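Okay, so here's the structure we're looking at.
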Amino acid sequence: MSVLFFLSTIFLILSNGYASSYPLYARANVRLDNSASVIGTLYFIQATRTSLVIIRGTLAGLVPNQTYHGFHVHTSKVSETRPNCTAAGAHFNPYNRTHGAPISPITQRHVGDLGNIYADQYGSAQILIIDKIIKLTGASQSIIERTIIVHRDVDDYGLGGQSDSLTTGHAGARIACGLIQSTSMTEKEAFLKFLS
Ligand SMILES: *[C@@H]1O[C@H](CO)[C@@H](O)[C@H](O)[C@H]1NC(C)=O
Ligand SMILES: *[C@@H]1O[C@H](CO)[C@@H](O)[C@H](O)[C@H]1NC(C)=O
Ligand SMILES: *[C@@H]1O[C@H](CO)[C@@H](O)[C@H](O)[C@H]1NC(C)=O
């Protein structure tokens, strides 16, 4: 009986601990390279310890007319207020893999490889990405205090045969970026941000 009581107490403490820390949220104000100009804000949610991460938001001011732009998490943090996108360093790649597609297994992509976003005829991109590899917590795959980057060109997923296909997807210059930071929000705010 006392052992059961002990175990159930431990379980309650643990489950309350988990209940209070999840869902995890993050936010990135995305700004043009070396500029204070915000082109949109991205929101990130991880509902439980094992959940996929969802990224939601709209970016404006990209190249108009159905243009794909490489979209990756890079390793280092940048200034939140006036980011130098070059200072974010290489793709976030803690397991030293070659560059790949977001649907590739973890052994065949960088953790930060999120593929492409699609800009419409007005240069606006509605983003809804669900990724199985990035996390908002933990030592190895967390993207917190790292940088999301929008590239000028399309990410070839490593298949383009260019000299930089297997490192950057030949995605070209860094046109905008944003520091990914933890944030909190109410359930209602989350509902509106992720489901609208
Ligand atoms: C984008 O495409 C639309 C429709 O074809 C066209 O009217 C518009 O001028 C184009 N905009 C740019 C910036 O090329
Ligand atoms: C941006 O960062 C890169 C790499 O750290 C550096 O070489 C460059 O001088 C920086 N540019 C500006 C405008 O600060
Ligand atoms: C990363 O992988 C490359 C190519 O497989 C290898 O040459 C390099 O030594 C590795 N770097 C580290 C730090 O393990």
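Structure notes:
- One residue stands out in the stretch 79-91 among those that are surrounded by 23 or more Cβ atoms within 10 Å (Cβ to Cβ) and not in a helix (DSSP H, G or I): the one that is nearest to ligand 3 (Cβ to nearest atom), namely HIS91.
- Options GLN181, GLN162; residue that is over 20 Å from ILE103 (Cβ atoms) and more than 18 Å from the chain's Cα centre (by Cα): GLN162
- The requirement of being at pLDDT 95 or above, within 19 Å of LYS135 (Cβ to Cβ) and not in a strand (DSSP E or B) is fulfilled nowhere in the stretch 56-71; no residue meets it.
- Across the stretch 60-78, the qualifying residues are those that are away from ligand 2 (no atom under 16 Å from the Cβ) and among the β-branched types (Val, Ile, Thr), and the one among them that is surrounded by the most Cβ atoms within 10 Å (Cβ to Cβ) is VAL73.
- Take the conditions (1) touching a Lys or Arg at 6+ places or on another chain (Cβ under 8 Å); (2) within 25 Å of ARG109 (Cα to Cα); PHE71 misses just one of them, which is (1).
- Among all residues of the stretch 145-168, there is at least one that is more than 16 Å from ligand 2 (Cβ to nearest atom), of a type outside the set (Val, Ile, Thr) and under 18 Å from ILE45 (Cβ atoms).
- Check on ALA88, modelled with pLDDT of 95 or more and in contact with a Phe, Trp or Tyr (Cβ under 8 Å, 6 or more places away or on another chain): no
- Per-region count, the stretch 130-167, residues surrounded by fewer than 20 Cβ atoms within 10 Å (Cβ to Cβ) and not in a loop (DSSP other than H, G, I, E, B): 4
- Residue match in the stretch 117-135 (condition: touching a His at 6+ places or on another chain (Cβ under 9 Å) and on the phi > 0 side of the Ramachandran plot): no
- Test: GLY112 is buried (at least 16 other Cβ atoms within 10 Å of the Cβ) and out of contact with any helix residue (DSSP H, G or I) (no Cβ under 8 Å at 6 or more places or on another chain): yes
The values are calculated or read from the model by the stated rules, or taken from the named source; none is laboratory data. Since we're looking at a predicted model, the values are computed, not measured. Virtual Cβ from ideal backbone geometry, glycine too; neighbours counted across all protein chains shown.
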